[in-house]
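Below is one structure, written out as structure tokens; the observations come after it.
The values are calculated or read from the model by the stated rules, or taken from the named source; none is laboratory data. From a predicted model like this one, the values you see are computed outputs, not experimental measurements. Counting neighbours? That spans all protein chains shown, and the Cβs are built from the backbone with ideal geometry, glycine included.
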């Protein structure tokens, strides 16, 4: 009798394992860890009850707490993303807590104009490259886009899923500093990021090669902008590291580096070393490629930004956009001191830089992009009110396609198969399913953004101003964000959502 039960049990377990590996395509964890992977979902289901008594509440986990991850997961799966029984946030009078002021007479949602067939579409209000007369100016069709994540840091299936999902959601996909891979070219618009290693646009000595850059941009018209990365929030002032075990033959070919050896990016650019050289480099790349060229940077010392703003005003040249990355970190691995203590957090960083350009009267001539845990509607609204025109997201899209915040990105053992080159772990990532999940996340995010905008009397979220936000300063006191920033963004005249069309 017992033997029969054992055989039966073994057959059941074997059947479940076969089903997990070969037949189900929605759950990477179950594919990579058949049978036992089911326990993860069971424990997740009873997690709130367990944490209530012996572990942590929904707001205590970092860098993204369980409530935040639940919102991303539910949005990406098309499930109910509402929360019941009131807020579980920190007390509204806790210092730093933002509050969005709704209008007494909201904008009627039934009058909302839809520039495309997608009811969630929110185009950028500015055309990038128009001010400087670039040959191929670009208006992003979405204010929400994918931030820099390279092929190498992420596996081919994760990059493919994000690119396909970006095409569905009509948003752009930043390549990250690892170069443009075939998996970035599956249909979405692409922003090609050039870091200090100039991967994909470097000669044999590792120096920047304009000829190689032009070969790629001319062969791939879906590359719409070039982004020069000065630094990143995860480790400002330090170059990227891709361990040798991740550098397979395909990655080595794309980056122009040896197979199997650690890929170490310099901590500074070799093509320029001061503001004048940076401006000349931007103009050289923009003139040759015809594409808008922007810069991405974390923020530390402020003298650079003051000099940059002054010379841009004087010379009428420079980057077409500025992307500010907060020190809250991102997908890049870094030494602990860099993660915790180098660079300014997003709100302080963005405000300091934007204020410089605003005081010189040239902030409106640029497109401003924010990144650093902004992949949630309330944070995005605050960023727009501060002056952002676009939002770039990295870790939130990873969660949308299955990341469980295991924090193993730097080990090549990502259990969700996303931040790894391990073929077995990647095999559980169904590209088409994950692409749909990412697209749903962006679309549901945009719908909520529009609802918040309408509640405050606006048709577009980039019309928010600092006067629309108040921030708790403790002791049961609130302060207008406008007073804290010491500036007020001046969005251009808004006409109609139908007037802001995508530029192919």
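Figures for the structure shown
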| quantity | calculated |
| --- | --- |
| Verdict on residue 86 being surrounded by 14 or more Cβ atoms within 10 Å (Cβ to Cβ) and either at pLDDT below 70 or under 29 Å from residue 428 (Cα atoms) (or both) | no |
| Flag for residue 369 being touching a strand residue (DSSP E or B) at 6+ places or on another chain (Cβ under 9 Å) and not in a helix (DSSP H, G or I) | yes |
| Subset of the range 485-504 [without any contact (Cβ under 8 Å) to a residue 60 or more places away in the chain and surrounded by 12 or more Cβ atoms within 10 Å (Cβ to Cβ)] | 488 |
| Only listed residue being under 20 Å from the mean Cα position of the chain (by Cα), at pLDDT 90 or above, surrounded by fewer than 24 Cβ atoms within 10 Å (Cβ to Cβ) and more than 17 Å from residue 419 (Cα to Cα), chosen from 230, 194 | 230 |
| Meets criteria (at pLDDT below 90 and within 19 Å of the chain's Cα centre (by Cα)) for residue 139 | no |
| Residue among 67, 95, 104 that alone is outside any loop (DSSP other than H, G, I, E, B) and at pLDDT 65 or above | 67 |
| Single residue of the range 483-504 satisfying the filter (in a helix (DSSP H, G or I) and out of contact with any strand residue (DSSP E or B) (no Cβ under 8 Å at 6 or more places or on another chain)) that is farthest from residue 170 (Cα to Cα) | 483 |
| Conditions (1) modelled with pLDDT under 95; (2) outside any loop (DSSP other than H, G, I, E, B): number failed by residue 145 | (1) |
| Every residue from the range 413-433 that is within 14 Å of residue 27 (Cβ to Cβ) and in a loop (DSSP other than H, G, I, E, B) | 415, 416, 417, 418, 427, 428, 429, 430 |
| Flag if residue 319 is surrounded by 18 or more Cβ atoms within 10 Å (Cβ to Cβ) and either assigned to a loop (DSSP other than H, G, I, E, B) or within 24 Å of the chain's Cα centre (by Cα) (or both) | yes |
| Among (1) buried (at least 16 other Cβ atoms within 10 Å of the Cβ); (2) at pLDDT 90 or above; (3) out of contact with any helix residue (DSSP H, G or I) (no Cβ under 9 Å at 6 or more places or on another chain) - the single one residue 314 does not satisfy | (1) |
| The range 377-415: number of residues that are buried (at least 20 other Cβ atoms within 10 Å of the Cβ) and either at pLDDT 90 or above or on the phi > 0 side of the Ramachandran plot (or both) | 24 |
| Residues satisfying the stated conditions in the range 381-404, i.e. under 20 Å from residue 227 (Cβ atoms) and within 13 Å of the chain's Cα centre (by Cα) | 390, 391, 392, 393, 394, 395, 396, 397, 398 |
| The range 182-209, residues that are in contact with a helix residue (DSSP H, G or I) (Cβ under 6 Å, 6 or more places away or on another chain) and farther than 24 Å from residue 262 by Cβ | 186, 187, 188, 190 |
| Residue within the range 166-177 that is at pLDDT below 95 and buried (at least 24 other Cβ atoms within 10 Å of the Cβ) present | yes |
| Test: residue 291 is modelled with pLDDT of 90 or more and either farther than 26 Å from residue 364 by Cβ or assigned to a helix (DSSP H, G or I) (or both) | no |
| Qualifying residue in the range 390-406 (condition: within 18 Å of residue 461 (Cα to Cα) and part of a helix (DSSP H, G or I)) | no |
